[in-house]
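To keep things clear, I will list the structure first and then write my remarks on it.
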Amino acid sequence: MSLAPTPIESHMMPDAMLPDPATIEDIQPEAEGISTFSLVFSDPARASTFHFRPGQFNMLYLPGFGEVAISISSNPSLPRVVGHTIRYAGSVTRALGRLKVGDMLGVRGPYGSAWPLEKALGKNLVIVAGGIGLAPLRPALYAILRRREDFGRVVLLCGARTPADLLYTDEYAHWQAGGIELHITVDLADENWKGLVGVVPALFYRIRVDPKQTLVMTCGPEIMMRFVIYEALARRIPKESIFLSMERNMKCAIGFCGHCQFGPTFICKDGPVLTFAAIEPFFGKEDF
Amino acid sequence: MAQDLPRISANVVIPKPLLQQVFDNLRASDFSLIGPTVREGAVVLDEISRLEDLPLGWMAEQAPGRYRLKQTGHQEYFFYGVGPDSWKKFLHVPQLKLFSVEKTDGKWVFKPNQDAIPPRAFIGVRACDLSAIGVHDRVFLSGEFQDPHYMRRRERIFILAANCGRAYSTCFCTSMKTGPKVTGGFDLALTELPNAFVIEVGSEMGSEMLRDVSWEPATAFDLGRAAQSVQNAEREIERQLSTDDLPKMLYDNLEHPRWDDVAARCLSCGNCTQVCPTCFCVTVEDTCDLKATVAERTRIWDSCYVQEFSHVHGGNIRPTIRSRYRQWLTHKLASWIDQFGTSGCVGCGRCITWCPVGIDLTEEVKAIREKVQR
């Protein structure tokens, strides 16, 4: 098909690549090399109108260093203060790690798709998190706890490399009291660990699922999610009911830089939360 | 005596030298002219002002991995094919300051880039390249987000298209259904005859630019000759890319041995992505002064052939040339259609000509198709 150029109308267009300044209100260490940065937009209007859906992310920009996509990990009902749990992994996140309360940075967002909480109403949920993969799932936990009676059984299967790497451990009791069933494991125990040892997907063997009534939401290393999907499919949970949050390099978060492509999917705008059904032909393909 | 202006969709004929008057009209209306001109052994797109700047008589010998410009002594301005440049460099610029940010009283103040964009007239836009602009309109203007930098450049251009009167060995616009004749989206479109231009008027602005150009309405004979010229080009096109069920065929063959074969030849240099009129991937660069009080973000063309392109903490998603070539080809010919409702390939053949080792995507697709795995 010959594609005629689109007629263009001149009008003011917002510049989606331009960040808004925000101040660090709090830094909460979570584990070795991982902290939660709570940010407040400098512009009161922006701060009071900002809202996000669980699973979405922001682009955090540090002048001179660069920009990085970080999931929002705080309570969606309290969106004035926006929490980002950051692992110091690359040059930008390491530079962010040197900031102090009161310092400023640039924020764009929120971007991307959200966890299917509406779809999960009245259903059971199996939430599976590995390491920092719990961060984008935490807003979903907040949202579920807020209206716990609207969901069926809610199970959180969660793990990390070592006990010291487990995130938000202070909140476990609160989650359990709110009616979330918790199964925690570590890959490698220390002398004080009395819990389970082993990989996260193996936690599926501790629960029974009703495949027709269950939604799976998972975030963690891709290899972990691969086995989570395997376990879920083995329990006849349909691939349309399996949701995962993917990670890819991103430079723009709005579908223009091309970096985050995963087959037809732009992880930034079609994802990060995707059904397994949508990406099955490409998921796990070598170097894809 | 002042002549009436032709109406939209009218065809007129002008003697070749009178194209200068169209140029002058455009310049008088504050357009700077960008068109084909010979530099360092290639026809590039750059600022021009006079007919003499056009590549009169120059033709390029083009083959996989080969481009040689030759002066033929012919009397055609627009028979040079396509060179390494595309209009992308003026609309989706290779390097763009996104914004600057300055620390004032301990606070970061962001300053958007609102550089004035001069109106530009693109002279000699081929059908394939006009389609490429249409592809970029989809990419940058039709989605949930729009790129204001593209928009500000795009809305200020005048397009004088040129139908192709001859084709080159790397052309395959007929397969991609983009040419060799332009079908819309232009202000004026010319077809070059030995002693005249037949010009189709595509817009009011186009008509306006024919003011004081003494034109004649095109006769059936003129139109016949113009049609024949385009047919000549069409007949010369030998290269073909079968688009039948192409996305599914590629998706079903992501583990085809041909990817290893092409990876052994591909240098992963990214030339194909640079010359491609639709490849749009970019990265950003951050700079700051020594005190870290003034910083700037710059967007620059990137390429999926660059290893860092897919870097995430812990490594690269596509560490091999096999995976990067596969990404480029499947994006161009398959996932692009899922993303934007159009192929990312317009059949201009630049990636074939400018590949230093002469990799030809039409051959690669053919090889995969001949031995499909599924």
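None of the figures in this text is laboratory data; all of them are computed from the coordinates on show. Quick caveat, the model's predicted, so the values are computed rather than measured. Don't worry about glycine lacking a Cβ; one is built from the backbone with ideal geometry, like all the others, and counts go over all protein chains shown.
If you take the beta carbon distance between B:Glu363 and B:Gln95 as r and set R0 to 45 Å, what does 1/(1 + (r/R0)^6) give as a FRET efficiency, to the nearest 0.05?
0.85
Given +1 on the Cβ of Lys and Arg, -1 on the Cβ of Asp and Glu, and no further charges, what dipole in debye does chain A carry about its Cα centre, rounded to the nearest 20?
About 600 debye.
Taking the Cα centre of the protein assembly as shown as the origin and placing charges on Cβ (Lys, Arg +1; Asp, Glu -1), which of A:Trp175, B:Ser310, B:Thr174 is farthest toward the positive end of the dipole?
With unit charges placed on the Cβ atoms, the residue in question is A:Trp175.
Going from the alpha-carbon gyration tensor of the protein assembly as shown, what semi-axes, largest first and in whole Å, does one get by taking the root of 5 times each eigenvalue?
Largest first, the protein assembly as shown gives 53, 28, 21 Å.
When the dipole is taken about the Cα centre of the stretch A:124-245, and only Lys, Arg (+1) and Asp, Glu (-1) are charged at their Cβ, what size is it in debye, to the nearest 20?
480
Shape of chain A from its Cα gyration tensor (a ≥ b ≥ c, root eigenvalues): rounded if a/c is under 1.5, otherwise prolate when a/b > b/c, or oblate?
Judged from the Cα gyration tensor, chain A comes out oblate (a/c at least 1.5, b/c at or above a/b).
In whole angstrom, how long is each semi-axis of the equivalent ellipsoid of the stretch B:299-369, when you take the square root of 5 times every eigenvalue of its Cα gyration tensor and sort them from largest down?
22, 16, 13
Excluding A:Asn58 itself, calculate the net charge of residues whose Cβ lies under 13 Å from the Cβ of A:Asn58, where each Lys or Arg counts +1 and each Asp or Glu counts -1.
+1
Let me know the charge dipole size of chain B about its Cα centre in debye, to the nearest 20, where only the beta-carbon of Lys, Arg (+1) and Asp, Glu (-1) is charged.
760
Specify whether the C-alpha gyration tensor of the stretch B:227-296 places it in the rounded, prolate or oblate class, a ≥ b ≥ c being the square roots of the eigenvalues: rounded for a/c under 1.5, otherwise prolate if a/b is larger than b/c and oblate if not.
In terms of gyration-tensor shape, oblate.
Using 1/(1 + (r/R0)^6) with R0 = 41 angstrom and r between the beta carbons of A:Leu182 and A:Glu25, what's the FRET efficiency to the nearest 0.05?
In this case the efficiency is close to 0.90.
Note down the Stokes-Einstein diffusion coefficient of the stretch A:124-245 in µm²/s, whole number, using a Kirkwood radius over alpha carbon pairs, 4 °C, and 1.567 mPa s.
It diffuses with D of about 90 µm²/s by this estimate.
Which of A:Pro272, B:Ala121, B:Leu51 sits closest to the plus end of the dipole of the protein assembly as shown, meaning its Cα is farthest towards the positive end, when Lys and Arg get +1 and Asp and Glu get -1 on the C-beta?
A:Pro272
So for the pair B:Asp261, B:Lys248, with labels modelled 7 Å out along Cα→Cβ, what separation do we get in nm?
2.4
Listing A:Thr214, A:Thr275 from the residue with the fewest other Cβ atoms within 10 Å to the one with the most, what is the order?
A:Thr275, A:Thr214
Do the alpha carbons of any pairs in A:Lys251/B:Lys107; A:Lys119/B:Lys366; A:Lys239/B:Lys88; B:Lys181/B:Lys248 sit beyond 32 Å of each other, and which pairs?
A:Lys119/B:Lys366; A:Lys239/B:Lys88
Check A:Ser42: other-chain or 5+ apart residues with amide H under 5 Å from its amide H, H built from backbone geometry?
Here A:Ala22, A:Thr23 satisfy the definition.
Take A:Arg147 and A:Arg46, extend 7 Å from each Cα along the Cα→Cβ direction, and tell me the distance between the two endpoints in nm.
3.0
Could you work out how far apart the two model spin labels at B:Glu216 and A:Val197 are, taking each label as a point 7 Å from the Cα in the direction of the beta carbon, and quote it in nm?
Between B:Glu216 and A:Val197, the simple spin-label model gives 9.6 nm.
Using a cut-off of 18 Å between alpha-carbon atoms, which lysines can reach B:Lys103, once sequence neighbours fewer than 8 places away in the same chain are excluded?
Hits, sequence-local ones excluded: A:Lys100, B:Lys111, B:Lys291.
Taking H as built 1.01 Å from N, whose amide H comes closer than 5 Å to the amide H of A:Leu182, not counting residues under 5 places away?
Answer set, sorted by chain and number: A:Leu156.
I'd like the FRET efficiency for B:Glu285 and A:Ile223, computed as 1/(1 + (r/R0)^6) with the beta carbon distance as r and R0 of 22 Å, rounded to 0.05.
0.10
Please report the orientation-averaged projected area of the stretch A:1-160, defined via the convex hull of its C-alpha atoms, in nm².
13.6
Per-residue Cβ counts within 10 Å, from other chains only, averaged over B:206-217: what number is that?
Mean shielding count: 0.
Starting from the Cα-Cα distance between B:Ser175 and B:Glu144, subtract it from 0.36 nm times their residue separation and give me the gain in nm to one decimal.
The B:Ser175-B:Glu144 span can extend by a further 8.1 nm.
At 0.36 nm per residue, minus the direct Cα-Cα distance, what do B:Lys371 and B:Arg68 gain on full extension? Give it in nm, one decimal, please.
Additional length available on full extension: 105.6 nm.
Please arrange B:Asp115, B:Asp261 by how many other C-beta atoms lie within 10 Å of their C-beta, fewest to most.
B:Asp115, B:Asp261
Under the √(5λ) rule applied to the eigenvalues of the Cα gyration tensor, what semi-axes describe the equivalent ellipsoid of the stretch A:20-111? Give them in Å, descending.
Semi-axes from the Cα gyration tensor: 19, 14, 12 Å.
Based only on other Cβ atoms within 10 Å, what is the fewest-to-most ordering of B:Leu130, A:Leu145, B:Leu267, A:Leu60?
B:Leu267, A:Leu145, A:Leu60, B:Leu130
Looking at chain B, I'd like the Rg to Rh ratio, where Rg is from alpha-carbon atoms and Rh is Kirkwood's inverse mean 1/r.
Reported Rg/Rh (Cα atoms, Kirkwood Rh): 1.00.
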